[in-house]
Amino acid sequence: MQMNLVGQRVAVFGAVRGIGRAISEGFLGEGAQVYGFDRDIGDTPWPDGPVLTTGDATSFDDVKAFAQSVGEADHVVFCIGVGSGKFGFPFWQLEPGDWPRVLELNLITAVNVAHAFAPILAARGRGTLLFLVSVAGQVGSQTDPPYSAAKAGLINFMQCAAKDLAPFGVRVNALSPGMVKTDLNESVWKAGQARLAPEERQDYASWGGEKIRKVSPLGRWQTPAEYAAMAVFLASEHARNITGQTLNIDGGQVMHS
């Protein structure tokens with residue numbers, strides 16, 4: 001299947017690590033011009049990688065400046081996800097003060113991205129906007145309520161944006177990970193283990209394997225490359241009638257009857 005993305009401009013937020021990096025590499029592999037935005041580019045070698053910009057996605061000025069540097073973007077991908085760093089079950093284990101930062105980093109940053117790029121995409125009369133969300137935003141995960149609520153809000157905002165941009169020929173969707181080995185997933189493990197007695201704690205592999213057996217009918221980890229493949233497909237003309245959708249790559253963790 002030919003994706004026909006050669007030369008198209010793709011802006012990726014959270015481009016340097018985890019799923020965002022895999023998505024960047026996926027578009028690069030299709031011959032697209034990738035522009036990455038991240039808070040910390042780091043010093044990890046990335047031969048033939050994207051044009052990288054350091055910035056703060058909570059700053060609308062930073063995001064607007066990046067949008068201007070990209071120019072006539074064809075596709076925009078939002079891959080920012082940050083948890084509270086605490087185990088939130090029951091929710092009153094947390095404090096109200098634990099919420100604002102999580103909501104800002106997961107939801108308001110996405111709003112900044114949409115505000116910066118929607119006029120560009122609408123003026124061009126084509127393109128796509130893709131938000132990385134989470135199964136936690138669909139099932140009311142008790143592990144980290146602020147994160148769950150933020151991603152649920154982002155799913156709803158995605159639907160609003162999809163309706164607003166559809167008349168301009170711009171498609172908006174969300175991509176929802178399940179159990180995938182990322183820094184965020186590992187932070188969930190650490191937060192949960194911290195509240196256990198030493199004799200009850202599990203290493204990351206054991207914890208992950210047990211959780212997958214409980215929540216995933218297919219019983220296996222998902223991989224960043226799988227999200228990259230779906231992101232590339234959604235940007236192509238093969239997905240020209242897909243908009244306003246939350247697509248789960250989760251091993252069957254979330255099922256709607």
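Would you be so kind as to identify which of Gly169, Val34, Pro198 lies farthest towards the positive end of the dipole of the chain, taking Lys and Arg as +1 and Asp and Glu as -1 on Cβ and the Cα centre as origin?
Gly169
Which of Glu200, Glu186, Glu210 moves the most in a Gaussian network model of the chain with Cα springs under 10 Å?
Maximum among the listed residues: Glu200.
I want the local charge near Thr182. Using Cβ-Cβ distances under 11 Å, sum +1 for each Lys or Arg and -1 for each Asp or Glu among the other residues. Display every interim value, and only then the final one.
Numbers: positive: Arg17, Arg21, Lys181; negative: Asp183, Glu186.
Every neighbour counted, the sum reads +1.
Dividing the convex hull volume of the Cα atoms of the range 194-253 by its residue count, what figure in Å³ per residue is obtained?
Working: hull volume 7.1 nm³, N = 60.
In the range 194-253, the Cα hull volume divided by residue count equals 118 Å³.
Work out how far the C-alpha atoms of the range 1-78 reach from end to end along every principal axis, then list the three figures in whole Å, largest first.
Reported extents, whole Å, longest axis first: 38, 28, 17.
Let me know the charge dipole size of the range 113-247 about its Cα centre in debye, to the nearest 20, where only the beta-carbon of Lys, Arg (+1) and Asp, Glu (-1) is charged. Don't skip to the answer; put the middle values down first.
Values: 14 positive and 10 negative charges, 70 e Å.
That gives a dipole near 340 debye.
Dipole size in debye (nearest 20) for the range 9-249 around its Cα centre, Lys and Arg Cβ +1, Asp and Glu Cβ -1? Working shown, then result.
Details: 21 positive and 24 negative charges, 130 e Å.
Around 620 debye, computed over the range 9-249.
So which residue, out of Ile212, Ile19, Ile155, gets the largest mean-square fluctuation from a GNM of the chain using Cα contacts under 10 Å as springs?
Result for the chain, Cα springs under 10 Å: Ile212 fluctuates most.
Can you count the Lys pairs in the range 163-225 whose Cα atoms are under 21 Å apart, with each pair 8 or more apart or on different chains? Don't jump to the answer; show the numbers that get you there.
Working: Lys181/Lys190; Lys181/Lys211; Lys181/Lys214; Lys190/Lys211; Lys190/Lys214.
Lysine pairs meeting both conditions in the range 163-225 amount to 5.
For Thr246, list long-range residues whose amide hydrogen, built 1.01 Å from N in the peptide plane, is under 5 Å from its own amide hydrogen.
Result for Thr246 returns Ala174.
Would you pull out the residues with amide H under 5 Å of Val77's amide H, same chain only if 5 or more places away, H placed 1.01 Å from N?
Ala11, Val12, Phe13, Leu130
What does the charge add up to near Val16, with Lys and Arg as +1, Asp and Glu as -1, over the other residues with Cβ less than 13 Å from its Cβ?
Working: positive: Arg17, Arg21, Arg39; negative: Glu25, Asp38, Asp40, Asp43, Asp183.
Spelling it out: positives minus negatives among the neighbours equals -2.
Once phi is turned into θ = phi - 60°, what whole-Hz ³J(HN,Hα) does the Karplus curve with 6.51, -1.76 and 1.60 give for every residue of the range 139-151, x standing for Gly and Pro?
Taking θ as phi minus 60°, the curve returns 10, x, 4, 8, 5, 8, x, x, 5, 4, 5, 5, 6 Hz for the range 139-151.
Could you work out the helix-only [θ] at 222 nm for the chain, with each DSSP H run of four or more residues adding -39,500 (n - 2.57) and the total divided by the number of residues, to the nearest 500 deg cm²/dmol? Don't skip to the answer; put the middle values down first.
Working: 9 runs with 105 residues, N = 257.
Rounded to the nearest 500, the figure is -12500 deg cm²/dmol.
Which order do peptides 79-86, 67-74 fall in by mean Cβ count within 10 Å, highest first? Provide the component values of the computation, followed by the final result.
On the way: 79-86: 21.5, 67-74: 16.2.
Answer by packing, highest mean first, reads 79-86, 67-74.
In whole Hz, what ³J(HN,Hα) sequence does the range 119-131 give by Karplus (6.51, -1.76, 1.60; θ = phi - 60°), x for Gly and Pro?
Going residue by residue, I get x, 5, 5, 5, 5, 7, x, 6, x, 9, 10, 10, 10 Hz, with x marking Gly and Pro.
For Ala73, what is the net charge nearby, where nearby means another residue's Cβ is under 15 Å from its Cβ and Lys, Arg count +1, Asp, Glu -1?
Around Ala73, the charge tally is +3.
Find the relative contact order for the chain and round it to a whole percent, using C-alpha pairs within less than 8 Å whose residues are 6+ positions apart. Let's see the in-between values first.
On the way: 491 pairs, mean separation 53.3, N = 257.
Dividing the mean separation by the residue count of the chain yields 21 percent.
Hey, got the dipole for the range 8-107? About the Cα centre, +1 on K and R Cβ, -1 on D and E Cβ, debye to the nearest 20? Mind showing how you got there, number by number?
Numbers: 7 positive and 14 negative charges, 40 e Å.
For the range 8-107, the charge dipole is close to 200 debye.
Read the figures in this text as sums done on the coordinates, not as results from a lab. Since we're looking at a predicted model, the values are computed, not measured. For neighbour counting, all protein chains shown are included, and Cβ atoms are generated from backbone atoms with ideal geometry for every residue, glycine included.
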